[in-house]
Amino acid sequence: MTTTPAPAPHASAPAPRRRGRVVALVAGGAAPVLLLAALAQGCGSSAGGAVLSETAYREHLRHTREAGENAVRSLGVDPDSVIKRRETANASCKDDLGVDPDGVTRDRPTVDWTPGFASGAAYTAAVDTLRKEWSARGLTVEDLPAPAGGEPGAGLPGVRTKDDRGIELSLRPDRYDGEPTLTADGGCVRHQGYLTDW
């Protein structure tokens, strides 16, 4: 008759504890690696792409303005009569890490128009007009939900697209005063020189 020796008491008890230590060590070692990877990705995206010459940047400004003007005209309105603001500064378009060389500036050219709709129905018709026009041009159109009750522009949905030059066009309520606003946003651009007007 063969007898099997009884297992040593608690022989397998330390294994889960060791496994826990291994997992903790691996996780602890992975955290700095993941942090470095995220920082590298952030630095890469902060580089901002190619640097436009001053001439090319002025062209980009013109294209941004014209894209918006064409959208305003498609609503039967003269863009010069309803311009709200034209700006290039934007808090999200800065060289916070100092990666840009001397003479390089970051700007976000943006133009806003306020066509002044007589009613909510007129505004909704304008949104439909832009959606159809942009879709007919083969652009991807995104419907924007209306701000919630109590917020500026509550109940007024919007519409947005990017044209073939990467300029974002949108019609939606202004987030501060709720006024329906058509915006042409040229995006954050690195360029030579320091332009003060456009």
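The values are calculated or read from the model by the stated rules, or taken from the named source; none is laboratory data. Since we're looking at a predicted model, the values are computed, not measured. Don't worry about glycine lacking a Cβ; one is built from the backbone with ideal geometry, like all the others, and counts go over all protein chains shown. Just the protein is used for accessible areas: all its heavy atoms, side chains included, with ligands, DNA and RNA removed. Shrake-Rupley method; radii C 1.70, N 1.55, O 1.52, S 1.80 Å.
The table that follows gives values for the structure above.
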read-out	value
Whichever aspartates and glutamates have a C-alpha closer than 13 Å to that of residue 94, once near sequence neighbours (fewer than 8 apart) are set aside	107
Apportionment of accessible area to carbon and sulfur, region 111-198, percent (1.4 Å)	49
Reachable aspartates and glutamates, given that their alpha-carbon falls under 17 Å from the alpha-carbon of residue 162 and they are not under 8 places away in the same chain	66, 69, 112, 128, 133, 142, 143, 185
Rounded to whole Hz, the Karplus (6.51, -1.76, 1.60) HN-Hα couplings of region 171-182, x for glycine and proline	10, 6, x, 4, 6, 9, 10, x, 5, x, 10, 9
Trypsin sites (Lys or Arg not before Pro) lying in DSSP loop within region 113-198, provided at most 12 other Cβ fall within 10 Å	137, 175
Accessible area per residue, Å², region 60-198 with all protein chains present, probe 1.4 Å	52
Segment residue 56-residue 165, extension gain: residue separation times 0.36 nm, minus the distance between their alpha carbons	37.9 nm
Environment charge of residue 144, counting only residues whose C-beta is closer than 9 Å and scoring Lys/Arg +1, Asp/Glu -1	0
Taking region 83-158 and dividing mean pair separation by its residue count, relative contact order in percent (alpha carbons under 8 Å, at least six apart)	24
